[in-house]
Amino acid sequence: MQRPANKKALVAIDLGAQSCRVSLLRWERGVPDGRVVHRFPNGPIAEGRSLRWDIRRIFVGVVEGLRACAASAPEGIASVAVDGWGVDYARLDAAGQLIGNPFCYRDERNISAMNEIYSRISADRLYELTGIQHLPFNTIFQLHADARAGIDPRLRWLNLPEYITHLLGGEPVAEFTNATHTQLVGLETRDWCEEIFAATQLCRTAAPKIVPTGTIVGKIRHELNRLKELGDTTLIVPACHDTASAIAAIPASGDDWAFISSGTWSLVGVVLDAPNISADAKRMNFTNLGGAGGKICFLKNVNGMWLLQQCVEDWARTGQAWTVEELIRSCERLPAPQMLFDVDDPVLMLPGDMHGKINKQLEAAGLPAFAMNERDIPHMANAIFHSLAKRYADVLAAVSRITGKQLKRLFVVGGGSKNAYLNRLTAERSGLEVIAGPSECTTIGNFAIQLAATESDGANYSGVTAERVTHYAEMLATQTANSEM
């Protein structure tokens, strides 16, 4: 494929809960060349008894990345798009200023808020209206927690990718895929659900306008536009929910494939044309998240590499320094563990003492706990990998049963796709052909949506089509395979 007529570069910004990336796509002799230009760490911070995001530091990292991209793209930058994790948001005062660092979805305040919301509208009714799985960190519960804490419910809020886009100069909007993750969007209307806002007493006017995936929301108005490369740069909302961008990057056709978007979380599921809120889907707490091109990402959240990352931090505090690569090599030489544990135990969703929490499960089953020493640590890592693979296989079997799809292939995308050991265990457990996708699939999906969005002249814009996004995703996956993305 030849480069676009304007010959300018594109920038994709991916906000991760542990690492953020700013990537540049340029056209070298008509061939796309993508690479990560700037990467910076991220993570929640403690503010008193709260867990929050240092949003100003995140934005500084974004600006540094955009400056680096401008320095590497003398031809100029056509567009910038930001995706990130879902559910968290920034609240703005009447002047449009941030009232404080956004809460992190892992803050414990959400659990009691969830129970109070269910006293106003039942969990069953919420699922019927939205098709979204019940998780305590969904935006609906966080907004209620704000109200309980005395935050004015009339204050506007923006999910974090859209907020960063707004800081750069974009309109204050909610992109469709990210909006669905709030558990406030109606399945039928694909807009904010008036019944839910009324029942929960949340403020409807505080919610931003929902726009389709791929909408152009303005130009960079930040001081960055003084740089000639960014002087006329368009801001696009891609699939702002990073999972939706990652799934959009999967170069697959047919109806026999599933996906795992593997990172801090593992999102396990399939792409559907229409939502599925059957009795089995509701009972097993599957979700129907918005996807690029109006598709539905029918999936389940499974605890992911968060488990191992938390354990690695626990071990490091005792002087046992291990990398994930070292642990994988050690596990490959070990037999299967005596027992698998429940990776989705709610206790394991919260930070702190992950080693001890897993040991409590083992002890409850009458098995000895793992010590924090050189001999036992690889065995605990092995138990994590085997338990994850078992859970993936169980969820995939349920997906096949509920949707009627005859699955043969499993695409594993995201950072976890590099874990060949876990991929092999998953293949053995599920019986599916496991295909490891690019680790930076979210970035590829982001770029594919930008390319599809700029095909339109903006008249009567109703969003990118799934077919055009897949076309560009296939092209980028093939032609950037040897780049540094």
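Worth pointing out:
- Rounded to the nearest 500, the helix-only mean residue ellipticity at 222 nm of the chain stands at -11000 deg cm²/dmol, with each DSSP H run of n ≥ 4 adding -39,500 (n - 2.57).
- Take segment 139-242 with all the other protein chains still there, run a 1.4 Å probe, and you get 36 Å² of accessible area per residue.
- Take segment 390-433 with all the other protein chains still there, run a 1.4 Å probe, and you get 43 Å² of accessible area per residue.
- The overall shape of segment 1-129 is prolate: from the C-alpha gyration tensor, with semi-axes ordered a ≥ b ≥ c, the ratio a/c is 1.5 or greater and a/b exceeds b/c.
- Annotation: amide H-H contacts under 5 Å for GLY86 (H modelled 1.01 Å from N, sequence separation of 5 or more, or interchain): ASP242.
- Rolling a 1.4 Å probe over the protein heavy atoms gives segment 260-364 an accessible area of 41 Å² per residue.
- For the chain, the share of DSSP beta bridges that are antiparallel, to the nearest 5, is 65%.
- The value of relative contact order for the chain, using C-alpha pairs under 8 Å at least six residues apart, is 17 percent.
- Taking every DSSP bridge with both residues inside segment 1-111, close to 75 percent are antiparallel.
- Accessible-area composition of the chain, carbon plus sulfur, in percent [1.4 Å probe]: 50
- Exceeding the 24 Å Cα-Cα cut-off - candidates LYS219/LYS300; LYS282/LYS390; LYS295/LYS408; LYS8/LYS228; LYS295/LYS390; LYS357/LYS390: LYS219/LYS300; LYS295/LYS390
The values are calculated or read from the model by the stated rules, or taken from the named source; none is laboratory data. The structure presented is a predicted model; accordingly, all values stated were derived computationally and were not measured. Quick note on the areas: whole protein, heavy atoms, side chains included, nothing else; ligands and nucleic acids left out. Shrake-Rupley method; radii C 1.70, N 1.55, O 1.52, S 1.80 Å.
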